[in-house]
Amino acid sequence: MRHLYTWCGILLVVSFSVVGDVTMSRAMKQVGDLHALRRRFGIGTVVCRIFSNSTFFVAVAAMALSFFSLLFSLSWGDVSLVGPAAASLTFIGNAFAAKLFLREKVDRRRWMAALLVAGGVALLAG
Amino acid sequence: MTFRKYLVLAGVTVFAAAGDSMLSQGMKQVGNISFQNIGSLLLAVTNPWVAIGIVLLLAFFASYMNALSWADLTYVLPASSLGYVLLALVARFALHEQVSPLRWAGIALISGGVGFVAGGPSVTHHPDVGSASSARDPGATSGNAGAGPQKQQQVRLATGGKP
């Protein structure tokens, strides 16, 4: 039963993390290139545009939920399982979500990169 | 990719790794925090290592947001994963910890992944509208589908990326 809780926790961490990353990417694309905006309008305008974007707050909320899910998962399962599993699956989940929801061109090169990094993280933390 | 953009990606990598290390060091000094003693979590912020760690993680977040404003998520995440490698190298050569062959294999895999993504384009260009950001930005695309990237950038700046 504890094993099931651990994997449910990992699934929650990965889900919230992917939602956080994808919505943050969308929010920043809506805001525009921060460097160009800052040069043209100043840092105040950049901050105003970021904080007036509702998607940004969804992203921050999802990232916070991901963090708290990680804390709970760590209380159910071993860090040597939860850490690498969550980090690796997040890389793969982000690749799928970016292709589906952000219409990013995830070609063979990027799939290879996501898989290699996910495998590498699993080995490093394992 | 300009030098400034490589610098932003380096910032994402270094600030995350350094921030995590500082927080880890600080929390070891603070000790265990339980739900019965949740107030000590606020006291932990007064620890210099934790405070510096929080500042560095805020810098990471700013760099991450900056990178996502001009690059794809599937480019930024693998490209900034060199932080894992950085941490392992610091552990081996600065802290003189033992790094097992399995971990060296992990470092090799991550480096390979970064190499794969670094050779490709950083942003998806949608042929129907000209740029990834303007694809989700109707205000920037109306009547500008055939305009050059510079013109589209000007339109996007003027409209603030809003319809």
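The values are calculated or read from the model by the stated rules, or taken from the named source; none is laboratory data. Quick caveat, the model's predicted, so the values are computed rather than measured. Methodologically, a virtual Cβ is constructed for each residue, glycine included, from the backbone with ideal geometry; neighbour enumeration extends over all protein chains shown.
See the values below:
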| item | result |
| --- | --- |
| Failed condition for A:GLY9, given (1) in contact (Cβ under 8 Å) with a residue 40 or more places away in the chain; (2) not in a helix (DSSP H, G or I) | (2) |
| Selected residue [assigned to a helix (DSSP H, G or I), surrounded by fewer than 20 Cβ atoms within 10 Å (Cβ to Cβ) and more than 9 Å from every other protein chain (Cβ to nearest Cβ)] from A:SER75, A:SER88 | A:SER75 |
| Selection within the stretch A:100-117 - within 8 Å of another protein chain (Cβ to nearest Cβ) and part of a helix (DSSP H, G or I) | A:ARG109, A:ARG110, A:MET112, A:ALA113, A:ALA114, A:LEU115, A:LEU116, A:VAL117 |
| Residue satisfying all of: in the stretch B:54-80; among the β-branched types (Val, Ile, Thr) and under 22 Å from A:PHE101 (Cα atoms); surrounded by the fewest Cβ atoms within 10 Å (Cβ to Cβ) among these | B:VAL76 |
| Boolean, B:VAL50 is at pLDDT 85 or above, under 30 Å from B:GLN29 (Cα atoms), more than 12 Å from the chain's Cα centre (by Cα) and more than 10 Å from every other protein chain (Cβ to nearest Cβ) | yes |
| Segments classed as helices (runs of 4 or more DSSP H), wholly inside the stretch B:55-158, with at least 1 members that are modelled with pLDDT under 65 and not hydroxyl-bearing (Ser, Thr, Tyr) | B:132-135, B:138-141 |
| Meets criteria (in contact (Cβ under 8 Å) with a residue 40 or more places away in the chain, in contact with a Leu (Cβ under 6 Å, 6 or more places away or on another chain), part of a helix (DSSP H, G or I) and surrounded by 17 or more Cβ atoms within 10 Å (Cβ to Cβ)) for A:SER17 | no |
| The stretch A:25-56, residues that are of a type in the set (Val, Ile, Thr) and either facing another protein chain (nearest Cβ under 7 Å) or surrounded by 15 or more Cβ atoms within 10 Å (Cβ to Cβ) (or both) | A:VAL31, A:VAL46, A:ILE50, A:THR55 |
